[in-house]
Structures are given as C-alpha cells and as structure tokens.
Amino acid sequence: MRPGRTLLSQTQIRARVKQLGRDLTRHYRGKQPLFLGVMNGAIFFLADLLRAVDLDDIEIACVRLASYAGTRSTGKLRGLAALGDSFKGRDVLIVDDILDTGRTLAALVARLKELGATDIKICVLLHKRGTQKVPIKADWTGFPIADEFVVGYGLDYNGRYRGLKQIRVLNEPAC
Ligand code: IMP
Ligand code: MG
C-alpha cells in the first residue's frame, strides 16, 4: 500500500483551513471555547486551525482515540477513559481529521455530555460520503470526499504517511 494520487493539495488545504478559522472566529467570539483535538490524526489540522482563528481565550486539549486497523474500522474505540473531568460547563469544539462511520465522534460526544460539557460542536477536515453508520453531523467540514482511504496531513495507514503535506489516496500494490 503506497500513497497515490493527490486528492487535496497543500494550497487547497491551507485556503480551506483559513476559511474555517474565520468561521470559527465569528462563532466563538466573546466565548471561552475548549478545542479538543482527536490525536493523532488531527495533529496538523488542529495546529493550523489554531493559527487561523483569531480568539484570545481558547483552551486546548487532546484525546488519543483509535478505532482503525489498516484500512478498516474495527468498531472498537480505545482511549475514551483517559478524558479528564475538565469539560463541565464548557463550550467544546471537537477537532478531528475525518468523519467516516461516525462511531468515534458519536462516542466522544456522548462521553463529553456525561462529563457535563454545555455545548459540543464538531469540526472535521474531511467527511467521507456514504460510509456513515451512526447519525452524527459535523458543524464545520473542510471537504466532503468519496469513499477512498486517504493518507497525509495527519491521516495514517497503520501509523505511516501522516507527515505528507497533501492528502493522497492510498493505492493497492500493483500485482
Ligand atoms: P469513524 O469512527 O469510523 O468515523 O472513524 C474515524 C477515524 O478513523 C478517523 O478519526 C481516522 O482516524 C480514521 N479514518 C477513517 N477513514 C480514514 C482514512 O481514509 N484514512 C485514515 N484514517 C481514517
Ligand atoms: Mg482519528
């Protein structure tokens, strides 16, 4: 499995993140949001988004969640138990790389509600069309994409290719 065709260039990603930053700035102006990045996939997106917003009082937290083995969702989510109790009464913005089956984000939202978050919103860089298994909507989406496995800009295949600057489609090896 190797990265193939570029789906989104660095320039496209940069421009869209800038726009999202403006939208989030407008939405959260005067509030004290807590941006919660889902690691490791959202590492670049979270950092670039934070640079693109113009807000004085953002708190930043990360949670490490994983559900994938290779290119398949296992349906089992690991990492939720590590969430601390600092979410009570907060406006939380979940920042994730991709909305696929929706299981990760649905479970995270449910847990944040249990922990007393007042308002929970979701910002994803990518939304895979036609793969959702759980009804959950992102409040802000960078790009809708087709059902292809992608890597780069934080997204990995078994831990590989996260550092690519573009988002590329993972190719099956030629026989
Ligand atoms: P969900 O729970 O199925 O929505 O899965 C979400 C998580 O699976 C994402 O946060 C990613 O970490 C991972 N994932 C889903 N699709 C892809 C992909 O195409 N490339 C890399 N990771 C993916
Ligand atoms: Mg993820």
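Okay, here's what the table says:
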item	result
Signed unit charges on C-beta, dipole axis of the chain, positive-most listed residue Thr118, Ala61, Gly41	Gly41
Region 87-175: chymotrypsin sites (Phe, Trp or Tyr not before Pro) in DSSP loop, at most 16 other beta carbons within 10 Å	none
Two-site FRET efficiency, Ile60 against Glu172, from Cβ-Cβ distance with R₀ of 41 Å, rounded to 0.05	0.65
Nearest 10 degrees, 0 to 90: helix 10-28 Cα axis against the chain principal axis	20 degrees
Nearest-20 debye value, region 1-114 charge dipole, Cβ charges on Lys, Arg, Asp, Glu	420 debye
Straight-distance crosslink candidates among aspartates and glutamates, where the alpha carbon sits under 15 Å from Lys113 and sequence neighbours closer than 8 are dropped	Asp85, Asp91
Span per principal axis, largest first, for the Cα atoms of the chain (Å)	55, 34, 25
In sequence order, calculated HN-Hα J values of region 83-88 (Karplus, 6.51, -1.76, 1.60; Hz; x Gly/Pro)	5, x, 9, 8, 9, 4
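Rule-based calculations on the coordinates, nothing more; no lab input. Model, not experiment: these values are computed from the prediction. Using ideal geometry, Cβ is built from the backbone for each residue, glycine included, and neighbour counts are taken over all protein chains shown.
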